[in-house]
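**Student:** Here it is, the structure in full.
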Amino acid sequence: MKDPLTSAADAITVQQLRFSYSDGDPVLDIRHWSVPSGGRVFLRGPSGCGKSTLLKILAGILVAPAERLELLGQPMSALTGRQRDRFRARHIGVVFQQFNLIPYLSVLDNIRLAAYFGNSARNLGQRAGELLARLRLREDVLSRRVTALSVGQQQRVAIARALINGPQVLLVDEPTSAMDIAARDAFIQLLMEICERDQCTLVFVSHDSALAAHFPLVMDMCTLNRAWNVRSPLTTQREAAADVY
Ligand SMILES: Nc1ncnc2c1ncn2[C@@H]1O[C@H](COP(=O)(O)OP(=O)(O)OP(=O)(O)O)[C@@H](O)[C@H]1O
Ligand SMILES: [Mg+2]
């Protein structure tokens, strides 16, 4: 039988990926990782192990030198910065750890901007309303400024914005840290339903291992990222030293 993680139907393939911020120590060193099309992966690991960095590289926001990264069959290194932005807007939905909503815009304008870049402005009001209903947000939040919303509401708006262009790949970074357990489980259930219905590939990042049970695929960053294995004993030593002094 064919191994699904090496099949041509992979939505994400990473090979020999190395990344450092400016002149610092390597943050990522990944030999090979792939996510099958339609797969739903829980990517877990301790704080600082490179989860958000990897997600930003997958989204084309950060660029690793000499990267071998394919998304939906597209080698990312073949794209210019502008082409990456367009590719992201059309095919990838990203929910950032800090949401990255534009504070002085209304909810609708935040979603409208994403739709504009994704070239999908048609029936926008109606589609945004439907998405918010699926995310159990009342339609009257559309006209409110995002700063006037609770953290949980902002989170749902960030997800609506990520979904507005019907992405084939959804990258979600640590979205449940501000939620209680019941809200968290309901949220993950909803995300699964949306991905199932839209046949979307999902990479969901968290350090909360309790969430792994919701996902068919679980990947541990400590295993995946060789740079973390090198860095972590040092980090532990430094932390121990800091405790002493
Ligand atoms: N903009 C940046 N410039 C320099 N170093 C950075 C930057 N962003 C992250 N780092 C460093 O890269 C490493 C990985 O950070 P990253 O944010 O990817 O971790 P993470 O696994 O997402 O952590 P958390 O669970 O706390 O969100 C950390 O050592 C961090 O200090
Ligand atoms: Mg992070």
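The values are calculated or read from the model by the stated rules, or taken from the named source; none is laboratory data. Model, not experiment: these values are computed from the prediction. Here Cβ is always computed from backbone atoms with ideal geometry, including for glycine, and neighbour counts include all displayed protein chains. Keep in mind that these areas ignore ligands, DNA and RNA; they rest on the heavy atoms of the full protein, side chains included. Shrake-Rupley method; radii C 1.70, N 1.55, O 1.52, S 1.80 Å.
**Student:** For the chain, treating each Cα as an identical point scatterer without solvent, what Debye log10 I(q)/I(0) comes out at q = 0.09, 0.18 1/Å?
**Tutor:** Scattering profile of the chain, log10 relative to I(0): -0.40, -1.46.
**Student:** If each DSSP helix of 4+ residues adds -39,500 (n - 2.57) and the sum is divided by the residues in the chain, what number results at 222 nm, nearest 500 deg cm²/dmol?
**Tutor:** About -12000 deg cm²/dmol.
**Student:** So, one more: Unpartnered cysteines of the chain (Cβ-Cβ under 4.7 Å counts as a partner)?
**Tutor:** Here Cys49, Cys222 come out as lacking a disulfide-compatible partner, given the Cβ-Cβ threshold of under 4.7 Å.
**Student:** Still on this structure, please answer the following. How about region 62-164: which chymotrypsin sites (Phe, Trp or Tyr not before Pro) there lie in a loop by DSSP and see at most 15 other Cβ atoms within 10 Å?
**Tutor:** Passing both the DSSP loop test and the Cβ count: Tyr104.
**Student:** Based on Cα positions only, what radius of gyration and what Dmax would you give for region 92-195, in angstroms?
**Tutor:** Looking at region 92-195, its Cα Rg and Dmax stand at 12.5, 37 Å.
**Student:** Given a 1.4 angstrom probe, what's the average accessible area per residue across region 83-221, in square angstrom?
**Tutor:** Values: 6630 Å² over 139 residues.
Per residue, region 83-221 has 48 Å² of solvent-accessible surface.
**Student:** Between Tyr21 and Thr147, how many nm apart are label points set 7 Å from Cα along the C-beta direction?
**Tutor:** Between Tyr21 and Thr147, the simple spin-label model gives 2.6 nm.
**Student:** With axes computed from alpha carbons, what is the tilt in degrees of helix 151-163 against the longest principal axis of the chain, rounded to the nearest 10 within 0 to 90?
**Tutor:** 90
**Student:** Separate question: Longest exposed-loop-site-free stretch of the chain, with trypsin sites (Lys or Arg not before Pro), DSSP loop and at most 12 other Cβ within 10 Å?
**Tutor:** Within the chain, the longest run free of exposed trypsin sites (Lys or Arg not before Pro) spans 3-121.
**Student:** Rank Leu17, Gly45, Leu69 by how far each Cα sits towards the positive end of the charge dipole of region 1-112 (+1 on Lys, Arg Cβ; -1 on Asp, Glu Cβ) and give me just the farthest.
**Tutor:** Leu69
**Student:** At 7 Å along the Cα-to-beta-carbon direction for both Ala183 and Ile61, put a label point, then send me their distance in nm to one decimal.
**Tutor:** For the pair Ala183/Ile61, the computed spacing is 2.2 nm.
**Student:** Using only Cα atoms, find the angle between the long axis of helix 107-117 and the longest principal axis of the chain, and express it within 0 to 90 degrees, rounded to the nearest 10.
**Tutor:** Value to nearest ten degrees: 70.
**Student:** Moving on. Roughly what % antiparallel, to the nearest 5, for the DSSP beta bridges in the chain?
**Tutor:** 45
**Student:** How many percent of the accessible area of the chain is carbon or sulfur, using a 1.4 Å probe? Display every interim value, and only then the final one.
**Tutor:** Working: 6490 of 12530 Å².
C and S fraction of accessible area: 52 percent.
**Student:** Using the Kirkwood radius over Cα pairs, work out the Stokes-Einstein diffusion coefficient for region 16-152 at 4 °C and 1.567 mPa s, in µm²/s as a whole number. Could you put the intermediate results ahead of the total?
**Tutor:** Working: Rh = 17.2 Å.
Diffusion coefficient, whole number: 75 µm²/s.
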